[in-house]
Amino acid sequence: MRKRQSLHRALLAATKTMVQGGLSATSRRCGKRTCPCAHDATARHGPHLYLTYRENGASRSLYVPPEGAPTVRTAHEAWATFWEIGCAIAALNRDDLRRAWQAELPARTPRVRRRPRA
Ligand SMILES: [Zn+2]
């Protein structure tokens, strides 16, 4: 139970900053014909950081200004943490279901060995 409570606290903490999506650094042409980037791939502008995500089935990206890079990286890591904690809580819930169903219906699961209580 204490483990579950600490997981819930960590999950809630992650929700405060988490952002779902990928991070990609991209160099681009500016579109001016007279700019060196128009003819030289090494003269492209950037790299610039983008947060990429899907919304209503469409790929989207959010430009991240240089000063926002540390924030978006932290937010990206918070999403990964949120996901990991969610999976850990789901595993605890699954164990609860297993215990409940095995206690109710021992005759239907004769070959399943019960694990000793931790
Ligand atoms: Zn340019």
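Couple of notes before you dig in:
- Looking across ALA103, ALA10, one residue alone is more than 26 Å from PRO116 (Cα to Cα) and in a helix (DSSP H, G or I). It is ALA10.
- Residue match in segment 49-58 (condition: loosely packed, with under 10 Cβ neighbours inside 10 Å and either among the hydrophobic types (A, V, I, L, M, F, W, C) or part of a helix (DSSP H, G or I) (or both)): yes
- Any hit, segment 28-36, residues being within 16 Å of the ligand (Cβ to nearest atom) and in a helix (DSSP H, G or I): yes
- Screening GLY46 on (1) closer than 18 Å to THR17 by Cβ; (2) within 16 Å of the ligand (Cβ to nearest atom) shows it passes everything except condition (1).
- Restricting CYS87, CYS37 to residues that are surrounded by fewer than 13 Cβ atoms within 10 Å (Cβ to Cβ) and modelled with pLDDT of 95 or more narrows the list to CYS87.
- THR71 falls short of the stated requirement of being surrounded by 10 or more Cβ atoms within 10 Å (Cβ to Cβ), away from the ligand (no atom under 16 Å from the Cβ), closer than 30 Å to ARG2 by Cα and of a type in the set (Val, Ile, Thr).
- Enumeration of residues in segment 13-29 that are surrounded by 14 or more Cβ atoms within 10 Å (Cβ to Cβ) and either aromatic (Phe, Trp, Tyr) or within 22 Å of ARG60 (Cα to Cα) (or both): THR17, MET18, VAL19, GLN20, GLY21, LEU23, THR26, ARG29
The values are calculated or read from the model by the stated rules, or taken from the named source; none is laboratory data. A quick note: this is a predicted structure, and the numbers were derived from the prediction, not measured. Note that we place each Cβ from the backbone using ideal geometry, even for glycine, and neighbour counts take in every protein chain shown.
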